[in-house]
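Q: Got a structure here, written out as structure tokens. Questions coming.
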Amino acid sequence: MAPKGKLLIIGGEDICGTALPDMISCKDQIKHLELLQELLPKNKRSLSIEVLTTSTEVHGEIKKSYTDVFTKAGFSNVGFINIINKEDARKEEYENRIALAGSILFCGSDQFCIASLLGGTGIEQIIRDKFTHDKDFIIVGFNAGASAITNFMIWSGGKEETLVNRDLRTCTGLGLLKNCIIDTHFIKKGRFGRLAHAVTMNPAELGIGLGEDTAIVILNGNEATCYGSGIVVIIDGKHITQTNIADELNGTPVFVENLKVHLLVKSCQFLLDDRRLIQPPVIAERAH
């Protein structure tokens, strides 16, 4: 069953880290949070947006800065749920808040913590049910929060330019977005190699790499539209013909033949299930 809810995935600097966001990051992310405001139906814009963090360092000053960013983007009802252990993830108060929220936002610096702390809890189930059945519900993923919403996610490794066999580690995410692996800071931090490695290891999964100042909106778990001034890189391993990724020798350089790559920019639309680009609106406009 295709989910009725919407996904907003934002690349670039995470405003929910453990340090105060800088002004450039704020300006970029305000634009994308304004997009969230547009996605919410008018009669649901007064509902709360709940920000889920998994950091012990999210103190009052930082929360105030985040609240200021959301306020400038048009939100007046923002809450913070800081989950640092399984006990927190099972609090009835938090479950009730998420059940009433119009949107939730995953952020933080560690996707493994997000998936492991929320996995198997009531909070995860409430989010999954709302996302599956509520067409007005929106899940937002920043940085690690974006990586955690997929079936598989990159956990560690993959920092070398050459793909090295058995160097990259992937694990299970929350599984809200099926058959995808997401990586952010994709251009600035040179992460093409590690996402290509992850897709080669898991060829049924579609790799999505978001550059800085870039966001994608996904409807029905399938229809992706690009926003922002950066690029989105799609890596498709379904047509790989030769690779040594399954060799037993650790440390062996990995080769891959017929790895497919798509580059998307603002207004491009891409069908994740069909793995194909829909004609961008800008091309259609030129035809007239």
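The values are calculated or read from the model by the stated rules, or taken from the named source; none is laboratory data. The structure presented is a predicted model; accordingly, all values stated were derived computationally and were not measured. With ideal geometry, Cβ positions are generated from the backbone for all residues, glycine too; neighbour counts draw on all protein chains shown. Protein only, heavy atoms only, side chains kept; ligands, DNA and RNA dropped before computing areas. Shrake-Rupley method; radii C 1.70, N 1.55, O 1.52, S 1.80 Å.
Q: Across segment 114-172, which residue is modelled with the highest pLDDT among those that are of a type in the set (S, T, Y) and over 22 Å from A204 (Cβ atoms)?
A: Selected residue: T121.
Q: Can you name every residue in segment 33-58 that is hydroxyl-bearing (S, T, Y), modelled with pLDDT under 80 and open to solvent by less than 80 Å² (accessible area, probe 1.4 Å)?
A: S55
Q: A further question follows. With respect to I123, is the statement that it is touching a strand residue (DSSP E or B) at 6+ places or on another chain (Cβ under 9 Å), open to solvent by less than 40 Å² (accessible area, probe 1.4 Å) and under 27 Å from C171 (Cα atoms) true?
A: yes
Q: Out of the residues in segment 241-272 that are part of a loop (DSSP other than H, G, I, E, B) and either of a type in the set (D, E, K, R) or closer than 17 Å to I181 by Cα (or both), state the one that is modelled with the lowest pLDDT.
A: E248
Q: Inspect all residues belonging to segment 203-220 and state whether any of them is touching a residue at least 24 places away in the same chain (Cβ under 8 Å) and more than 30 Å from K31 (Cβ to Cβ).
A: The answer is yes; a qualifying residue exists.
Q: Between a first residue in segment 234-260 that is without any contact (Cβ under 8 Å) to a residue 24 or more places away in the chain and within 28 Å of F270 (Cα to Cα) and a second residue that is of a type in the set (A, V, I, L, M) and not in a strand (DSSP E or B), which pairs have beta carbons less than 7 Å apart while being 6 or more apart in sequence or on different chains?
A: Within 7 Å, the pairs are E257/I240; N258/I240.
Q: Another question, then. I want to confirm something. Restricting to segment 82-116 and keeping residues that are open to solvent by 30 Å² or more (accessible area, probe 1.4 Å) and among the hydrophobic types (A, V, I, L, M, F, W, C), which single residue is nearest to S147 (Cα to Cα)?
A: F112
Q: Quick check on segment 122-172: of everything there that is out of contact with any Asp or Glu (no Cβ under 7 Å at 6 or more places or on another chain) and among the aromatic types (F, W, Y), which residue is farthest from M1 (Cα to Cα)?
A: Result: W155.
Q: Given (1) out of contact with any Cys (no Cβ under 7 Å at 6 or more places or on another chain); (2) assigned to a strand (DSSP E or B); (3) surrounded by fewer than 23 Cβ atoms within 10 Å (Cβ to Cβ); (4) at pLDDT 90 or above, identify the lone condition not met by C226.
A: The one condition C226 does not meet is (1).
Q: I'm trying to understand the selection: among the residues of segment 200-223, which are farther than 12 Å from C180 by Cα and open to solvent by 10 Å² or more (accessible area, probe 1.4 Å)?
A: Residues satisfying the conditions are M201, E212, D213, L219, N220, E223.
Q: For segment 130-189, give me each residue that is part of a loop (DSSP other than H, G, I, E, B), among the hydroxyl-bearing types (S, T, Y) and open to solvent by 40 Å² or more (accessible area, probe 1.4 Å).
A: Matches in segment 130-189: T162 only.
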